[in-house]
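This report concerns only the one structure given below.
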Amino acid sequence: MDRKGKVTTSIINGIATINFMHPKSNSLPSKMLREITEEINKFAEDKHAHVIIIRSEGEKAFCAGASFDELLEIKDFKSGKEFFMGFARLINAMRKCPKFIIARVQGKAVGGGVGIAAAADYTIASNEASVKLSELLLGIGPFVVGPAIERKIGKTAFITMSIDAEWHDSFWAKQSGLYTKVFANNHDLDEAISALAKKIAACNLEAISQMKKVFWEGTENWDQLLEQRAEISGKLILSDFTKNYIKAFKNK
């Protein structure tokens, strides 16, 4: 099991921050998915947390999505489904959280990383924050993260990302609605996030909670939907096609 990554948190003046790091392009093994989900659920109940920022360390990658090392270890449907349920639980925690969640996307986002960017209520990025859904190349598909991404960018753009599995730059992501704002450098990015977070932290928490419900209307079935999607991925990940692709990718 890959245990090299870490998740750290803080609360300062009503602004809660969840920071994650993994040496392999900030990929997310199950342990880190659980930790991020747990921290969101804690902040959801913490009266001192008025707004939540999700961010990662480094500059090149915001999040590379699923841990390939862990995907290779999956040997049966049960463990396959459980791995993808990690992303399902994270997205549902973000959806249900009564506080606004800001995503700071400072670098490239792939697969689950795009899902996190889409599930946030307000996503701010840098010029370097290209996005890609590479799941189809792996022999699976963006099933679990799909509803969050489609909700944010629409079906046409989601289909485009899913089929071509190529990089789309931050300008495309902003045009599509995934990013709200894009900045030329990380200094400006952080200044904008800080200003927005301070503004939200001063707002009425009850109003925020009610607005959050309005923003996510129509997703009440996602507990069941994302579990069904995790089952699809859990079956497909067992294929020889997927195992061979990941091994070839890791040996590049």
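On the given criteria, is Trp167 surrounded by fewer than 14 Cβ atoms within 10 Å (Cβ to Cβ) and aromatic (Phe, Trp, Tyr)? Criteria met by Trp167. A single entry from Glu59, Glu70, Glu82 fulfils the requirement of being of a type outside the set (A, V, I, L, M, F, W, C), assigned to a helix (DSSP H, G or I) and modelled with pLDDT under 95: Glu70.
When the helices (runs of 4 or more DSSP H) confined to segment 145-246 are screened for residues that are closer than 30 Å to Leu72 by Cβ and within 20 Å of the chain's Cα centre (by Cα), those reaching at least 1 such residues are found at 146-153, 155-164, 170-176, 222-236.
The values are calculated or read from the model by the stated rules, or taken from the named source; none is laboratory data. Everything numeric in this text was worked out from a predicted model, so none of it was measured. Using ideal geometry, Cβ is built from the backbone for each residue, glycine included, and neighbour counts are taken over all protein chains shown.
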